[in-house]
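Participant: This is the structure I want to talk about, given as structure tokens.
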Amino acid sequence: MTLASGGYHGLYSIPEAVYGTTPSNPDWDVFRHTDCSLQLKRDKFGSKELRADRAITDVRLGTYKVEGDVGFELSYGAFDEYLEAFLGGTWTDGILRQGVTQRSFSILRRFADITQYQVFTGCMPSKLTLDIKPDGMVTGKMGFIGANVTEALPSGSTYNTASSNPPMDCFSASVLEGGSAFALASALSLTLDNGLEAALVVGSKYAVGISWGRANLTGKLTAFFEDLSMYNKFLNETASSLRFVTSNGSQAITWIMNNLKYTSADNQVSDEKPIKLDMSFDALHHVTNTCLELERNAAFESPSSSPSSSPSSSPSSSPSSSPSSSPSSSPSSSPS
């Protein structure tokens with residue numbers, strides 16, 4: 001008897017032209033991942049009928065809801081279409097900004113050792129998180145909300161070749177705060193929440209669609225406590241900017257938030273170790289950069305040579321060099 005092992009778990013996706021419908025003869029892109037919790041979930045509701053014997057007479061299950069996260073190690077070019085979907089924008093000359101274009105995916109979970117499949121349809125980008133910490137890879141999670149699941153591999157399915165670019169690490173990262181190089185950061189995290197909500201109707205177990213809320217971008221900058229300059233930005237509600245580079249040493253993505261406000265500044269002490277300042281922030285709309293702008297750089301360049309502008313000034317209009325091509329689109333032979 002063969003039992004499924006995580007070492008044989010494959011994850012793939014394909015954009016949907018029609019919400020909730022997997023394209024015919026799908027050419028699946030490899031979804032590089034470290035973990036996956038994508039599942040079909042249904043709420044439980046039980047009968048409230050009162051009986052003399054205290055018994056519960058029935059329990060039912062509610063509407064179909066696909067929910068879950070995909071963990072990843074950030075790498076150049078491997079997640080471009082997902083970043084587009086989460087921001088609702090479109091890559092143009094190597095630049096991506098927050099927009100309003102809604103996209104959905106069919107996501108395939110392949111259990112190769114037991115030849116079983118799950119295809120989740122209508123998967124829309126719910127929440128994106130990114131974490132940068134010392135001595136490790138740049139990691140994150142992509143959360144999806146979807147409509148349904150089927151348990152058969154669509155006919156005509158083929159698999160594309162995965163991107164081979166290496167993961168990005170914290171050693172190649174760099175940070176600019178308020179337009180100046182910032183060397184005290186010990187951790188940095190981002191969360192983009194699109195506020196998705198399933199549209200449910202009477203007479204169907206499936207959501208007829210998923211609506212977007214506002215693009216709520218928050219984060220936390222943790223820094224060694226040197227003076228009160230950062231704390232005072234919180235105290236005085238001073239608008240600032242944050243720009244950081246994630247890189248594998250030769251390729252990079254620059255993350256730009258040109259209008260943010262710090263919402264907390266905590267410098268707790270619990271032992272004799274160095275004191276750190278935890279600065280939570282909200283990234284707000286900027287007239288040019290929106291709440292978040294990404295720049296792809298096929299040839300890595302330190303951001304210290306081209307610092308971002310302050311929130312009140314106009315950002316640089318010169319985009320980075322044109323991006324490298326997307327992961328190979330030449331499919332391998334048809335899967336079993």
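The values are calculated or read from the model by the stated rules, or taken from the named source; none is laboratory data. Values in this document were obtained by computation on a predicted structure and should not be read as measured data. We place every Cβ from the backbone using ideal geometry, glycine too, and count neighbours over all the protein chains shown. Keep in mind that these areas ignore ligands, DNA and RNA; they rest on the heavy atoms of the full protein, side chains included. Shrake-Rupley method; radii C 1.70, N 1.55, O 1.52, S 1.80 Å.
Participant: For the chain, set up a Gaussian network in which alpha carbons nearer than 10 Å are linked by springs, and say which option among A185, A52, A112 fluctuates the most.
Facilitator: A52
Participant: When ligands, DNA and RNA are left out and all protein chains stay put, how many square angstrom of accessible area per residue does the chain have with a 1.4 Å probe? Show your work: numbers first, answer last.
Facilitator: Numbers: 16850 Å² over 336 residues.
With the other protein chains kept in place, the chain gives 50 Å² per residue.
Participant: In whole percent, how big is the carbon plus sulfur part of the accessible area of region 205-268, probe 1.4 Å, protein atoms only?
Facilitator: Of all accessible area on region 205-268, carbon and sulfur atoms account for 46 percent.
Participant: Further question on the same structure: For H285, what accessible area in Å² do you get when you roll a 1.4 Å probe over the heavy atoms of the protein chains, rounding to the nearest 10?
Facilitator: Probe radius 1.4 Å; accessible area of H285 about 120 Å².
Participant: Let me ask something else. What does the net charge come to around N232 if you take all other residues with beta carbon closer than 14 Å to its beta carbon, with K and R at +1 and D and E at -1? Please report the intermediate quantities before stating the final value.
Facilitator: Numbers: positive: K233, K261; negative: E177, E226, D227, E237.
Local charge sum for N232: -2.
Participant: Now for a different question. Hey, could you pull the Cα Rg and Dmax for region 12-71, both in Å?
Facilitator: For region 12-71, the Cα radius of gyration and maximum Cα-Cα distance read 19.3, 59 Å.
Participant: Just subtract the alpha-carbon distance of S47 and V202 from 0.36 nm times their residue separation and send over the number in nm, one decimal. Intermediate results must be reported in sequence, preceding the final value.
Facilitator: Values: separation 155, 0.36 × 155 = 55.80 nm, distance 1.90 nm.
Length gained, S47 through V202: 53.9 nm.
Participant: While we're on this one: Can you run the Rg to Rh ratio on region 149-262? Use alpha carbon positions and the Kirkwood inverse-distance Rh.
Facilitator: On the way: Rg = 21.0 Å, Rh = 18.4 Å.
Computed over Cα atoms, the ratio is 1.14.
Participant: Near K276, which lysines are there with a Cα under 21 Å away, not counting those fewer than 8 places off in the same chain?
Facilitator: Hits, sequence-local ones excluded: K133, K220, K233, K261.
Participant: Counting only protein chains, not ligands or nucleic acids, how are E226, E295 ordered by accessible area (probe 1.4 Å), most first? Let's see the in-between values first.
Facilitator: Working: E226 135, E295 20 Å².
Ranked from most to least accessible, the order is E226, E295.
Participant: Using a Cα-Cα cut-off of under 17 Å, which aspartates and glutamates could be cross-linked to K44, ignoring same-chain neighbours fewer than 8 residues away?
Facilitator: Excluding near neighbours in sequence, the set is D58, E67.
Participant: While we're on this one: Add +1 for every Lys or Arg and -1 for every Asp or Glu among the other residues with Cβ under 14 Å from the Cβ of W212, and state the total. Provide the component values of the computation, followed by the final result.
Facilitator: Numbers: positive: R103, K127, R214; negative: D193, E197.
Local net charge: +1.
Participant: What net charge do the residues around T139 carry, taking every other residue with its C-beta under 14 Å from that of T139, with Lys and Arg at +1 and Asp and Glu at -1? Mind showing how you got there, number by number?
Facilitator: Values: positive: R32, K133, K141; negative: D35, D69, E73, D131, D135, D169.
With Lys, Arg at +1 and Asp, Glu at -1, the neighbours total -3.
Participant: Give the relative contact order (percent, whole number) for region 3-44; include only Cα pairs under 8 Å separated by 6+ residues.
Facilitator: Details: 22 pairs, mean separation 14.9, N = 42.
Rounded, it is 35 percent for region 3-44.
Participant: Then there's this: Which order do E293, E151 take by accessible area at a 1.4 Å probe, largest first? List each step's numbers first, then the result.
Facilitator: Values: E293 5, E151 145 Å².
Of E293, E151, the descending order of accessible area is E151, E293.
Participant: Right, another one. From zero outward in steps of 10 Å, how is the percent of C-alpha pairs of the chain spread across the bins?
Facilitator: The distribution over the chain is 5, 23, 29, 22, 14, 6, 1, 0, given as percents.
Participant: Can you compute the modelled spin-label distance between D113 and A162, with each label point 7 Å from Cα toward Cβ, in nm?
Facilitator: 1.6
Participant: Also: State the extension gain, in nm to one decimal, for the chain segment bounded by R60 and S24, taking 0.36 nm per residue of separation less the distance between their alpha-carbons. Before the final figure, lay out the partial values.
Facilitator: Numbers: separation 36, 0.36 × 36 = 12.96 nm, distance 3.42 nm.
Extra length from R60 to S24 when fully extended: 9.5 nm.
Participant: Roughly how much of S250 is accessible, in Å² to the nearest 10, using a 1.4 Å probe?
Facilitator: Near enough 70 Å² of accessible area.
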